[in-house]
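Just below is one structure, and these are the notes that go with it.
Quick note: the coordinates plus some simple rules give every number you see, no bench work behind them. Predicted model, so just to flag it, every value in this text is computed and none were measured.
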Amino acid sequence: MPQRQDFLRESLLAQNEEYRVLDRQHHDFEARLSALTGKAALNDDEQLEETTLKKKKLQVKDRMEAIARQASAAPHA
């Protein structure tokens, strides 16, 4: 099934503006989280940022999955 999911993702990236924006946000959040994770210690502001980014990243991923479910359930034209 990964091939079907990959095809659906690529199709959504090509055809769905909201999905593209969400995908970019997800990658941006991941990059910032990686930068924070690479630090030896986080100050209070960075800890708050890390928690906030994790929540936002999850919200974005949930929305992307909802779009994918909707697209896969839609009749093909």
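Give the span of the chain's Cα atoms along each principal axis, as three whole-Å numbers ordered largest to smallest.
Cα extents, longest axis first: 52, 20, 19 Å.
What does the helix-only formula give at 222 nm for the chain: each DSSP H stretch with n ≥ 4 adding -39500 (n - 2.57), the total divided by the residues, and the result rounded to the nearest 500 deg cm²/dmol? Don't skip to the end; give the middle numbers.
Details: 3 runs with 65 residues, N = 77.
Here the helix-only value at 222 nm equals -29500 deg cm²/dmol.
Give me the aspartates and glutamates in straight-line cross-link reach of K57: C-alpha distance below 17 Å, same-chain residues under 8 apart excluded.
E18, D23, D28, E30, E46, E49, E65
So what is the relative contact order of the stretch 2-71, in percent, for Cα pairs below 8 Å that sit 6 or more residues apart? Please list the in-between numbers first.
On the way: 32 pairs, mean separation 28.9, N = 70.
Value for the stretch 2-71: 41 percent.
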